[in-house]
Each structure stands twice: as structure tokens, then as C-alpha cells.
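Working notes, beginning with the structure itself.
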Amino acid sequence: MRVNRRRGNARLLNGTVFGFLIMLGLVGLTTYLLFTVRSDLDLAKLDDAEAAVTIETQTQGRVNAEAQVASLQQQQVALQQQLDAARIARGVAEEATLRETLTRTAAEQESINQELAKNEALQMAEEERQARVTAEEALLEAEAATVEVEREVARERFAKQQAERELSTTRTTLEREAERESAQSHLLLRGIVNGLITYRMDDLPEYAAEGVAESVQLLTEELATWTLQGFNVSASGPQETADFTIGWLRDAGGHQDTVVGASRRLLVPLGETNCLGDWVPYDGETVRRLLWHELGHAFGYGDSEDANNVMHGDLQTKFAVDQEIELVVAPNITHIIPLCGAGTFTFVFEEPAAGMGYTFAVLKPGITPQDDIFDEDSQYMGCSSAADLYTNECIVEEGASLLVYTQVAIARITGTISENVELPEINMAWDPATFQYSEAELQELRDLFN
């Protein structure tokens, strides 16, 4: 169909061109005839008569020629129209042919693209298959390795369990021994294990206050009849090794812990530094309470919040004397000794030798040697003494001081200043709320050694 259409278009074009050529020939012939006629007419003018007929004939011929020319022109127009139609038809045919070619080319390209896509899809599918095969092979290898590892772990676990079973008895024995040794390291637990705790007490140093030895002796007598958690406490014999030792500190320096390291030494302070920087000793009752407090710590009791219990973390203390006075005074020279605190103070001085009397007075806060210290407004008048008096008691405010003065001769003056403090009554039983072990823990320890 495409070949016939092309041939038909070619034939139409050829016919159109041929007709156009004929038309051009006719037009040329007509023009030639008109020219010839006109020339003849011009020649025939010379003979009008003869030429009339000829002119008529020529005129008629010219008319006829003009008709023929018009006819040829119409044919020419028709041929031109046919030619234009042929050109349009040929353009349409060529456009259709080109469109058809483009369509066919696009179809062929689409077919090629589809083929390429198909090949690419096939290639990707092949690559995926290869990757899947490779992954499956790797998975199989990993599974095989995992199985081998699990077997090795199982063998190691079995070996470990077997070793643990073999060591179980030994380990239990070692753990029990370790627990027993740990229990023995604490005085309370040692007492529960052995049923008895022994101690040795260091000798009191010479700087301990009078009455401390008696208070400590009373406490040791109480310990001899005392029982805690089913065990007794007693002093060790001369050749025995004591479970702990009671030692002494000169200065408290703050609250002391009970047992120091593996030495198992329980340390009890015997005094502390006063406001003047001088060390002064505790009285016997204070030392007894501090010793009982530290024993409570040694046997598993902590500090109590009960201010009326011996395990309170800040026990009230009392000095045997607050200040010891030893002065060498010259005539007309004043000595001012500050007093620590406020309250009732007792002053005790040795009676001077005959004719060596002296005077003391208690000055109010803020009075200095530059003031008129003998003025009544400067002294607590009820505390002053005449030369023949050497003891007195006085209530003073914070910042008061003691004045010592003589007008006779150089004299040595000795005495004491004590604040009248009464220790409050407290409960000497260790506060059970501070006990650091539960009954279950204690029973577990008892079972450990049974």
C-alpha cells in the first residue's frame, strides 16, 4: 500500500508538469500570432478598402485568439491550481511519510529499550540469584561455625562445672574460715564466738586528775559482773593475750573512735585544752562516762540522739579544776587572769605566810589594768576578799577576770579556779536503738561457729 501511494503521487506530479509545459507552449504560440497579426494590420493600413475584409477577419481571428488565450489562461490557472494541489498533496504525503517513519523509528526504539530493560532485568535477577547463593553459602558456613562454637562453649561449661563441683567443698570450707576470721576481728562477734572477752588496761598517767583511778576501778568491778549477748568481759591475767587494751589520751581533740586498727586499742581521753590554751584534766565521773561510751562503740553501738544516754555523741564533761594558779607577784604589780565561761566559780588559794598577805578581786567584763580596777563599778564586790581571806565563791559573766595584787613583798601564790558544774544524771545503759546488728545477723554468726 505504501509503494502504490508513492507511485500514484509521482504520476500525478508528472502529469501536472506535462500539462503546465503544454500551456506554456500555447501561450507562446498565441503571443506570436498576435504579434504577426498586428504587423500585418500595420501593413494593411495602406489599403483600407482591401484590408477591411481582412481586418474583420483578423479582428475575428484576434477575438478568437484572445478567447483562446483566455481559455489558455484559464487552463493555466487550472494547471497552477493542480500544481499547487499536487505540491500540497506531495507535502502531506511527505509529512505523512516522515511521521510514519518517526513513528516506526520510535516503535523500533521502544522495542530496543524494552529489550534492553528485559536484558537488564535478567542480569539483575541473575546477580540477585548469585548474591542469594553466596549469602546462603555464608549462612551455612556461619551456622557451622556457630555450632562448633556452641560445642566448644558446652565443653568449656562442662569443664567449668566439673571444676566447680571439684572445688565446691574446698571453697565452702575456705569461705567459712574467712567468715569465722572476719567475725573474730570484731570484739562483739569475738565475744559471741568465744563466750568471753578479755581486756588489759594501761596504767593511768600521772597527769590524770584525782578521783579518776577510783572511778575506773568501779567500772572494772561492774564489768566483772556484766553479760552482753551471752558472753562475759573480764580483765586478762598477766600471761594472757587480751582481746583488746584500754589506753589513755591526754587530750580529747574531739570525739575519738573506739578501736584503732588491728591493735584493738580502745582510747579514752583524760582532759582537754581550756580557753587559755592550757591543758586541764577531766574529773573521775567524766572519765568513767567516756570510758563506758567508748566500750559501747567497741561492742557494736553507735552514737545516740538521746542527750540523756551515755551513747550521746556530745557528752557533757567536767574538769577537776578549770585553772591552776601559780604566780610570783611583786609589790604593787597587778596580775589579771581571764576566766573561761560564765557561771559560779570557786577560788581557792593557799594561806600566805605571816605578813605576806595579798588581795584578789573579780573584775567585770571589759576592765583592763588601765582602768580604775579598785573602783566598785569595776569589781564584783561580793567576790573581793580582805588580806586575811583566801577562799571565795562568785557568780560572774562571760569575759570576767581575776585580779591578784599585793603591797607587801614578793610572794608566791598558788591556788585553783573551778567552775561549779554538776554533771546531769544520764542513762548508762547503751541505747539499744543504736545497736548495729540485727538478731538475724547475730544468729547467723552463732550458727557459723556451731
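Could you list, in sequence order, the residues of region 335-361 that are in a loop (DSSP other than H, G, I, E, B) and at pLDDT below 80?
350, 351, 352, 353, 354, 355, 356, 357, 358
Residue check: is residue 286 among the β-branched types (Val, Ile, Thr) and in a loop (DSSP other than H, G, I, E, B)?
No: the conditions fail for residue 286.
Going through 448, 442, 402, 423 one at a time, which residue ends up being out of contact with any strand residue (DSSP E or B) (no Cβ under 9 Å at 6 or more places or on another chain), modelled with pLDDT of 85 or more and among the aliphatic types (A, V, I, L, M)?
423
Among all residue pairs at least 6 apart or on different chains, which show Cβ distances below 9 Å where the first residue, located in region 427-448, is under 23 Å from residue 286 (Cα atoms) and the second is of a type in the set (S, T, N, Q) and surrounded by fewer than 15 Cβ atoms within 10 Å (Cβ to Cβ)?
From residues that are under 23 Å from residue 286 (Cα atoms), the pairs are 427/308.
Can you list residue pairs whose Cβ atoms sit under 6 Å apart, with the first residue in region 362-383 being assigned by TED's automatic domain parsing to the domain that holds residue 397 and at pLDDT below 80 and the second being assigned to a loop (DSSP other than H, G, I, E, B) and exposed (fewer than 11 other Cβ atoms within 10 Å of the Cβ)? Count only pairs 6 or more apart in sequence or on different chains.
none
Looking only at residues in region 296-354 that are of a type in the set (A, V, I, L, M, F, W, C) and under 46 Å from the mean Cα position of the chain (by Cα), which one is surrounded by the fewest Cβ atoms within 10 Å (Cβ to Cβ)? Quick ask: steps written out before the conclusion?
Let us first name the residues in region 296-354 that are of a type in the set (A, V, I, L, M, F, W, C), namely 298-299, 307, 310-311, 315, 319-321, 325, 327-330, 333, 336-337, 339-340, 342, 345, 347-349, 353-354.
Applying the additional criterion that residues be under 46 Å from the mean Cα position of the chain (by Cα) yields 298-299, 307, 310-311, 315.
Values: 298: 21, 299: 21, 307: 12, 310: 21, 311: 25, 315: 18.
It comes out as 307.
Mind telling me which of the residues 164, 148, 175, 179 ends up being of a type outside the set (Val, Ile, Thr) and at pLDDT 85 or above?
Being of a type outside the set (Val, Ile, Thr) and at pLDDT 85 or above holds for just one of 164, 148, 175, 179, which is 148.
The values are calculated or read from the model by the stated rules, or taken from the named source; none is laboratory data. In this text the structure is predicted, and so the values were computed from the model without any measurement. Glycine also receives a Cβ, built like all others from the backbone with ideal geometry; neighbour counts cover every protein chain displayed.
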